[in-house]
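Below: the structure, in structure tokens.
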């Protein structure tokens, strides 16, 4: 299986060894798989928004709105990660 940096990072943080590919629908995914997908997508959104903030700051533009959006994305990612931890803790071994 090909792994990507975010998948490796997720595996280190949560002890899960799975990654997703485009084309899967939520109906085909378990709660665990969906939670992992949310964390991966959240990480990507936070990373992209952080780059936007840095670019705006580098160009001397106002970063207030972009930073507010970054904070919202980060809080949402925290919720996704908490949800994944809860699901992994509740799963039978």
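The values are calculated or read from the model by the stated rules, or taken from the named source; none is laboratory data. Everything numeric here is computed off the predicted structure, so don't read it as measured data. For neighbour counting, all protein chains shown are included, and Cβ atoms are generated from backbone atoms with ideal geometry for every residue, glycine included.
Key figures for this structure:
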read-out	value
Among residues of region 43-74, those that are in a helix (DSSP H, G or I) and either touching a helix residue (DSSP H, G or I) at 6+ places or on another chain (Cβ under 8 Å) or within 22 Å of residue 32 (Cβ to Cβ) (or both), counted	15
Residue in region 30-40 that is within 29 Å of residue 90 (Cα to Cα), surrounded by fewer than 12 Cβ atoms within 10 Å (Cβ to Cβ), modelled with pLDDT under 95 and under 15 Å from the mean Cα position of the chain (by Cα) present	no
